[in-house]
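This report concerns only the one structure given below.
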Amino acid sequence: MQQHLPGSDPSTSLKDPVSLHTRPPFPMQAQPWPGLASKMEPRPDHGETSYVGRARLTGRKALITGGDSGIGRAVAIAFAREGADVALSYLEAEEPDAQEVAALIRDAGRRVICLPGDIRDEGFCQMLVGRAAQALGGLDLLVNNAGRQQSAESILDISTDAFDWTFKTNVYAMFWITKAAIACMPPGAGIINTASVNSYDPSAHLLDYAMTKAAIANFTKGLAKQLAKHGIRVNAVAPGPFWTALQVTGGQTRERLREFGADTPLGRPGQPAEIAAVYVALAANDASYVTGQVYGASGGEGNP
Ligand code: NAD
Ligand code: MG
């Protein structure tokens, strides 16, 4: 075997995942929650200049929660370039990020509707789905991706309010939005939830968050069984460490952020652009036998 493997060869389309993208250490930084991707250093790569669509989702109508930044933004860009119209859910404070995404969706020649608001409210979740379906003329893709993650060293540091906030965002909102969405979803539609490596291997400093991610993976498998007869597929994606606003707004301590992703086999965090294709694959019609699955993208470890 060669002692030194060659790097990415410019004469082919091969790309070495080791040398792609930024490696830790990262510059010290923190933002007040929910943060903006546009203020991160380095700026995350959501595929703005790299994602090439292949008409895999032509005419589809997608609602993506947390579509302003991070993984949700990368999915929004990819879905639009694959031919889908997109409704974006996010918080009002994230309007600058959301407008960047909306412009990219329009550039792709697709329709976009921006629906800011707090998904911790059941009434808002119902309105969100209704307005998305009305604006897009239906709904056949739902990406439950919005999430809340706050690092706490001890269970004693997690207040009931904080616990409730995490569960409302990650579990209740997914439940409410899904309930509203399936009422208008035709056979062939798909739901993709965002789980985590924490679904299976909880981080000691993310107790409440990890519990919600276990619930999301479990919900995905149960709902897939229930909706199979309606022709609606339900899957989840389980990311490892990804360079997103979630991590610089309390998701990690400053110290952990500096070395973020260093402990993965690839030795770096993923960039959102590196996971969007998984959502596309799960959404596309040719994955018609794929339901009830949790697909990992975590730099070399993760799913059981
Ligand atoms: P992100 O901060 O860019 O995205 C999360 C989004 O959630 C925010 O942009 C915001 O719009 C939305 N959100 C949060 N609370 C909300 C509320 N109350 N109402 C409406 N919207 C709300 O970070 P991200 O890392 O891209 O997170 C996306 C998903 O990926 C989350 O579910 C997260 O748990 C999951 N995930 C992330 C990582 C990672 O390392 N970044 C790893 C595993 C799983
Ligand atoms: Mg955001």
Computed over the chain, protein heavy atoms only, probe 1.4 angstrom, the accessible area per residue in square angstrom equals 45 Å²
Could you give the spread of the C-alpha atoms of the stretch 84-130 along their three principal axes, from largest to smallest, in whole angstroms?
-> 33, 22, 8
Report in % the part of the accessible area of the chain that belongs to carbon and sulfur, leaving out ligands and nucleic acids; probe 1.4 Å.
-> 55 percent
As a Kirkwood estimate from alpha-carbon pairs, the stretch 210-296 has a hydrodynamic radius in angstrom of 14.7 Å
Quick one, could you list the DSSP H helices from the chain stretching 20 Å or more along their long axis (Cα atoms) with average Kyte-Doolittle hydropathy of -0.5 or above?
-> 122-136, 207-227
When the Kirkwood radius is taken over all Cα pairs of the stretch 55-297, what Stokes-Einstein diffusion coefficient follows at 20 °C and 1.002 mPa s, in µm²/s?
-> 121 µm²/s
Based only on the alpha carbon positions, what is the Kirkwood hydrodynamic radius of the stretch 1-136, in angstrom?
-> 16.7 Å
If each of LEU14 and GLN99 carries a label point 7 Å out from its Cα toward its Cβ, how far apart are those two points in nm?
-> 4.5 nm
Using a simple charge model, +1 on the beta-carbon of Lys and Arg, -1 on the beta-carbon of Asp and Glu, nothing else, what dipole does the chain show about its Cα centre, in debye to the nearest 20?
-> 920 debye
State the Cα centre-to-centre distance between the stretch 35-109 and the stretch 164-207 in whole Å.
-> 19 Å
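The values are calculated or read from the model by the stated rules, or taken from the named source; none is laboratory data. Keep in mind it's a predicted model, so treat the numbers as computed, not measured. Cβ sites come from the backbone with ideal geometry, for glycine too, and all protein chains shown count toward neighbours. Please note that ligands, DNA and RNA were not included when accessible areas were found on the heavy atoms of the full protein model with its side chains. Shrake-Rupley method; radii C 1.70, N 1.55, O 1.52, S 1.80 Å.
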